[in-house]
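Reading through the structure tokens given below for one structure.
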Amino acid sequence: MPRDDAREQPQWLFARHRALSTRQLLRAYGLLCLFSATISAAFALRGFWYIPMFSFAELSLVALALLYYVRHAHDYEHIALRDGELIVEQVRAGRCRRHHFAPWRTRIVVPRGARQLIRICDLRAGGAQLVVGAFATPERRRQVAQELSALLPSPF
């Protein structure tokens, strides 16, 4: 028999939208390299040796941009209320940062503008602030901030 006081602990996940998987990205880059190498080889055979150099430079810059994309493809933010504690986990480029807040000392600032993020303020001395919601739409940020502030006890 389930316990009456067992409630589901609320949590929210903001994840970066990914259009392509890593495998699809590598295939697309391979096709781009093949196409560019074919064109630049044709120009090199005609005596235009500077075209392959520009092609190589272009493909190198595209490779750097794709490496940046792959590095940040799995970024996310996770907010959870667990065991009387507000836990915010932020993953950026494979690095995880976890922040813990006491609910009775925490204030949530609901974003008003479309570009504003959710601010989580610790009301202790020093007043640390954390911004979350970079991967969510403005409507979703407002909704989560309102739900979160309704779940936290009033600090005053």
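The values are calculated or read from the model by the stated rules, or taken from the named source; none is laboratory data. Treat the numbers as computed from the prediction; the structure is a model and nothing was measured. Reconstructed Cβ throughout: ideal geometry from the backbone, glycine too, with neighbour counts over all protein chains shown. Quick note on the areas: whole protein, heavy atoms, side chains included, nothing else; ligands and nucleic acids left out. Shrake-Rupley method; radii C 1.70, N 1.55, O 1.52, S 1.80 Å.
Over segment 1-73, what percent of the accessible surface lies on carbon and sulfur atoms, probe 1.4 Å? Working shown, then result.
On the way: 4220 of 6350 Å².
Solvent-exposed carbon and sulfur of segment 1-73 make up 66 percent of the total.
Per residue, what accessible area does the chain have, given a 1.4 Å probe and all protein chains present, in Å²?
72
Its relative contact order, with pairs defined as Cα atoms under 8 Å and 6+ residues apart, puts the chain at 20 percent. Once you reduce segment 72-122 and segment 129-156 to the center of their Cα atoms, the two points are 9 Å from each other.
Ordering 103-116, 74-87 by mean Cβ neighbour count within 10 Å, with the highest value first, yields 74-87, 103-116.
Would you be so kind as to identify all helices of the chain, as entire DSSP H runs, whose Cα atoms reach 18 Å or more along the helix's own axis and whose mean Kyte-Doolittle hydropathy is at least -1.0? Let's see the in-between values first.
On the way: long enough: 22-45 (34 Å, 1.13); 50-72 (34 Å, 1.15); 138-151 (20 Å, -1.04).
Flagged H segments are 22-45, 50-72.
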